[in-house]
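Encoded as structure tokens, the structure appears first; notes follow it.
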């Protein structure tokens with residue numbers, strides 16, 4: 001199967017048979033098919049049935065109406081998000097309500113489309129983009145978990161050497177919490193005076209030039225005690 005015909009399974013939770021028919025037609029036009037070439041859609045007309053189907057065979061994406069017989073509004077998104085935390089949800093609703101759209105996205109939906117108001121291929125594009133975004137977000141969560149579990153202290157700064165993030169190992173090593181570190185420069189928090197301004201200037205020249213800097217420093221913890229640290233910065 002070619003890249004132009006993505007292999008994907010879609011769960012539609014929609015109580016109106018006519019709307020489901022329009023959704024099915026849009027998905028067929030978009031060329032979305034399940035692995036093996038069969039139609040990619042499963043249909044549930046209530047949230048309870050949707051949850052049952054989703055837990056039985058995990059879909060790649062959920063198209064969710066917010067006006068179901070057994071659930072309405074943002075609680076519907078929240079329920080599906082709790083059942084499928086790693087599956088993208090696209091809200092399809094008849095309500096052209098910007099506040100509702102914002103609330104749905106805040107609750108975990110990837111996109112919000114108003115029935116009858118999206119152009120020919122908008123639904124197909126939204127499905128493709130939602131799946132790609134979800135994969136990227138999953139990778140980012142994996143990277144974050146790896147950084148958080150690292151035994152070595154890791155600090156991320158901007159080009160002005162201001163801390164924007166630090167992992168738990170940094171806090172264990174220095175006694176400085178993430179909230180205390182963000183917005184400050186490591187030189188201001190950790191400097192013992194044993195490295196002068198010229199030392200740090202040369203270090204940052206190396207880093208900003210795109211090269212890797214490695215060296216040893218004597219740093220200060222929050223409680224005033226000092227420790228030796230071997231650093232690699234890129």
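The values are calculated or read from the model by the stated rules, or taken from the named source; none is laboratory data. Computed from a predicted model, the values in this text were never measured in an experiment. Using ideal geometry, Cβ is built from the backbone for each residue, glycine included, and neighbour counts are taken over all protein chains shown.
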Handout entry: Flag if residue 81 is in the same structural domain as residue 14 (by TED's automatic domain parsing), modelled with pLDDT under 90 and within 22 Å of the chain's Cα centre (by Cα)
Key = no
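Given the criterion more than 30 Å from residue 91 (Cβ to Cβ) and surrounded by 13 or more Cβ atoms within 10 Å (Cβ to Cβ), identify the matching residue among 160, 167. Give the steps one after another, and end with the answer.
Values: 160 fails: surrounded by 13 or more Cβ atoms within 10 Å (Cβ to Cβ).
Among 160, 167, only 167 is more than 30 Å from residue 91 (Cβ to Cβ) and surrounded by 13 or more Cβ atoms within 10 Å (Cβ to Cβ).
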Problem - Residue match in segment 148-156 (condition: at pLDDT 90 or above, touching a strand residue (DSSP E or B) at 6+ places or on another chain (Cβ under 6 Å), loosely packed, with under 15 Cβ neighbours inside 10 Å and outside the structural domain of residue 20 (by TED's automatic domain parsing)) - result: yes
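Residues that are touching a residue at least 24 places away in the same chain (Cβ under 8 Å), under 18 Å from the mean Cα position of the chain (by Cα) and closer than 18 Å to residue 230 by Cβ: find the helices (runs of 4 or more DSSP H) completely inside segment 109-217 holding 2 or more of those. Lay out the reasoning, then the answer.
On the way: elements: 122-149, 168-174, 178-181, 186-190, 197-208.
Qualifying helices (runs of 4 or more DSSP H): none found.
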